[in-house]
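Colleague: Before I ask anything, let me first share the structure, which is written out below as structure tokens.
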Amino acid sequence: SPVPTDAELLRALRSSGAEQARLWSQARAARLAQWPDRRVEVRSVIETGNLCRQSCKFCAIPATAFESRYVIDPDAFGQFLAHVAASRRRVLLLQSGENASRQFVDLMCRHVETARRTLPDVVLILCFGTLKRSQLQQLRDAGGDRYILKFETSNPRLYAEVKPGDSLDEREACLATLAELGYGVGTGGIIGLPGQTDEDLVADLRYIGRWAAQLCMASGSIFVPGAGTDYADAPAGDLDKTLNFMALLRVLHPHLLIPST
């Protein structure tokens, strides 16, 4: 089918009623054509630490009390692994705040090696933020299969506003490195960020499209105002718009895994 125009994407993003029903029907048809067995991938998540060098305005980690900061130790990690093994889960996501210290990355590599040794058939997904190429290679060599690095928003001005101290250019460079290193790469945006427009969301869809050939996963996550964050009093993202974004992702890129979280 012809590539939709920006105006068509905008209309679909804002759709409701019968028009929305048609969009969702089209998305289900695309999903069933790509995944006829209707299976889903269930992921177990282990939060490996909440130390973070970023100060994203939508995230509660910067407001976390000092005494509540942690990095998971090998014993605790082993207990979680035993639970995952007993539950017969075989897709495991290790996720933390962005911490580029050598000590932290070395520990995460040991955790990855432990998971690979304990559950040889496990799919290991990592989500540790923007790291150096050498660190990403180290984690890959330890046994990491996939890596999730959200771009959050493709609007550089908005990115700088919601993620002060970070840059979209650095994020893009890391995405390219992940693909070069052979990771299965996942990315995605947030729907409903303060200051975001519907045109920004159309640009986010285009942005994912430019990376689609290098991706195995993409997401559209609804903005939820978190207690203690800079955006605690901001309105939540629009649910229908988020679902329409996800439906458009499925129609445009049937091969991608799209999480529902």
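Colleague: Of His83, His253, which has the most accessible area with a 1.4 Å probe, and how do the rest follow in descending order?
Modeller: His83, His253
Colleague: Report relative contact order for the chain in percent, whole number only (criteria: Cα-Cα under 8 Å, sequence separation at least 6).
Modeller: Working: 395 pairs, mean separation 57.2, N = 261.
Relative CO of the chain lands at 22 percent.
Colleague: I've got another one for you. Under the Karplus relation 6.51 cos²θ - 1.76 cosθ + 1.60, θ = phi - 60°, what is the ordered set of whole-Hz ³J(HN,Hα) values for the range 6-21, x standing for Gly and Pro?
Modeller: 4, 5, 5, 5, 5, 5, 5, 4, 8, 5, 8, x, 5, 5, 5, 4
Colleague: Karplus couplings for the range 143-159 from phi (6.51 cos²θ - 1.76 cosθ + 1.60, θ = phi - 60°), rounded to Hz, Gly and Pro as x?
Modeller: Karplus values, whole Hz, x for Gly and Pro: x, x, 9, 10, 9, 9, 9, 5, 8, 6, 8, 8, 8, x, 5, 5, 4.
Colleague: Return the calculated 222 nm mean residue ellipticity for the chain, to the nearest 500 deg cm²/dmol, obtained by summing -39500 (n - 2.57) across DSSP H runs with n ≥ 4 and dividing by the residue count.
Modeller: -14000 deg cm²/dmol
Colleague: For the range 169-212, rounded, prolate or oblate, judged on the Cα gyration tensor with a ≥ b ≥ c (square roots of eigenvalues), a/c < 1.5 rounded, else prolate if a/b > b/c?
Modeller: Values: a/c = 2.72, a/b = 2.22, b/c = 1.23.
Cα axes put the range 169-212 in the prolate bin.
Colleague: Okay, next question. Starting from the residue with the highest accessible area, list Val123, Val224, Val112 in decreasing order, probe 1.4 Å. Don't skip to the answer; put the middle values down first.
Modeller: Values: Val123 40, Val224 95, Val112 0 Å².
Largest accessible area first, the list is Val224, Val123, Val112.
Colleague: Using a 1.4 Å probe on the protein heavy atoms only, what accessible surface does Lys241 show? Give it in Å² to the nearest 10.
Modeller: Approximately 50 Å² of Lys241 is accessible to the 1.4 Å probe.
Colleague: Counting only the heavy atoms of the protein chains, how much of Cys52 is accessible to a 1.4 Å probe, in Å² to the nearest 10?
Modeller: Looks like 50 Å² after rounding.
Colleague: Is the range 197-261 rounded, prolate or oblate when judged by the Cα gyration tensor, a ≥ b ≥ c being the square roots of its eigenvalues, rounded requiring a/c under 1.5 and prolate requiring a/b larger than b/c?
Modeller: Prolate, since a/c reaches 1.5 and a/b exceeds b/c.
Colleague: Quick one: which residues, 5+ away or cross-chain, put their amide H under 5 Å from the amide H of Gly184? H built at 1.01 Å from N.
Modeller: The list, which skips near neighbours in sequence, is Arg146, Tyr147.
Colleague: So how exposed is Glu170, as accessible area in Å² (1.4 Å probe, rounded to 10)?
Modeller: Counting only protein heavy atoms, Glu170 exposes about 100 Å² to solvent.
Colleague: Suppose R0 equals 30 Å. What FRET efficiency, 1/(1 + (r/R0)^6) with r the Cβ-Cβ distance, do Arg110 and Asp233 give to the nearest 0.05?
Modeller: Once the sixth-power term is evaluated, E becomes 0.15.
The values are calculated or read from the model by the stated rules, or taken from the named source; none is laboratory data. Computed from a prediction, not measured in an experiment: that's the story for all the values here. Counting neighbours? That spans all protein chains shown, and the Cβs are built from the backbone with ideal geometry, glycine included. These accessible areas exclude ligands, DNA and RNA; they are computed on the full protein's heavy atoms, side chains included. Shrake-Rupley method; radii C 1.70, N 1.55, O 1.52, S 1.80 Å.
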